[in-house]
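Student: Pasting a structure below so you can have a look.
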Amino acid sequence: MLVVAVTWMIIVWGATASVYMLWHGWSRFPRRDFDDVVHFLYPVDLSLAESLLDPAAEFEFRWRLAPQEFRKAQRRRMSLYLELVRRMAHNSRVLVEYGNEEIFKNDPRSADQARVLQQKAIEVRVYALLTLLKVRLWMWFFPAALGNAPGIAQLRRTAEVDGLETYCALKDAATAAFMHLDSSDLDALTRSL
């Protein structure tokens, strides 16, 4: 009798979880137009990311600072880079949502540009998620040995994807997808990215 009750509880829990996941997946993608895109993007300072990923700067920190001070500086640099990568992931998600909306329109030209935009956004998202995972693991499992952990410069490429280069390609794809806008709106978009 207990086995039957537990079996039914598992079945009901599985069905409820499936319904919840389907509902959450269906309602997760809001309809985005240009105004939503510009206001929901977070600016990413690529020059700051370049300086954080510079191996020469890391070598200078390692050479100039005491080991404990270097670990603190490295942790701050990693935290700052994590924030930039989070912004990249967020922006790519917003652009995928916009691309979904554009694909469902009847204009084949905008649908093709939206597919290119989505492809670049997915590449950035993969890079961002894997980089976030990698840095979190470094910070959780090697907090005391962060000075001996692999350098932050190695985060430029994750899963054979160059993060900054791919993000620049995403910015170019977004500019091409929004080429129909006037110059002030296009400038607002590129500043937001």
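The values are calculated or read from the model by the stated rules, or taken from the named source; none is laboratory data. Quick caveat: nothing in here was measured; it's all calculated off a predicted structure. For neighbour counting, all protein chains shown are included, and Cβ atoms are generated from backbone atoms with ideal geometry for every residue, glycine included.
Student: Regarding R109, is this residue touching a residue at least 24 places away in the same chain (Cβ under 8 Å) and assigned by TED's automatic domain parsing to the domain that holds G163?
Tutor: No; evaluated as a whole, the condition is false for this residue.
Student: Output the number of residues of segment 117-149 satisfying the condition of being closer than 22 Å to F59 by Cβ, out of contact with any strand residue (DSSP E or B) (no Cβ under 7 Å at 6 or more places or on another chain) and either at pLDDT 80 or above or in a helix (DSSP H, G or I) (or both).
Tutor: Matching residues across segment 117-149 total 3.
Student: Within segment 74-85, how many residues are within 17 Å of I122 (Cβ to Cβ) and among the charged types (D, E, K, R)?
Tutor: Adding up the residues that qualify gives 0.
Student: Taking helices (runs of 4 or more DSSP H) that do not extend beyond segment 1-116, which have at least 1 residues that are at pLDDT below 80?
Tutor: On the way: elements: 2-28, 34-40, 46-52, 55-64, 67-103.
Correct list: 2-28, 34-40, 67-103.
Student: Follow-up question, since we're still on this one. Take the conditions part of a helix (DSSP H, G or I) and at pLDDT 80 or above and apply them to T166. Does it pass? Step through it out loud before you land on a result.
Tutor: Values: part of a helix (DSSP H, G or I): yes; at pLDDT 80 or above: yes.
Yes; evaluated as a whole, the condition is true for this residue.
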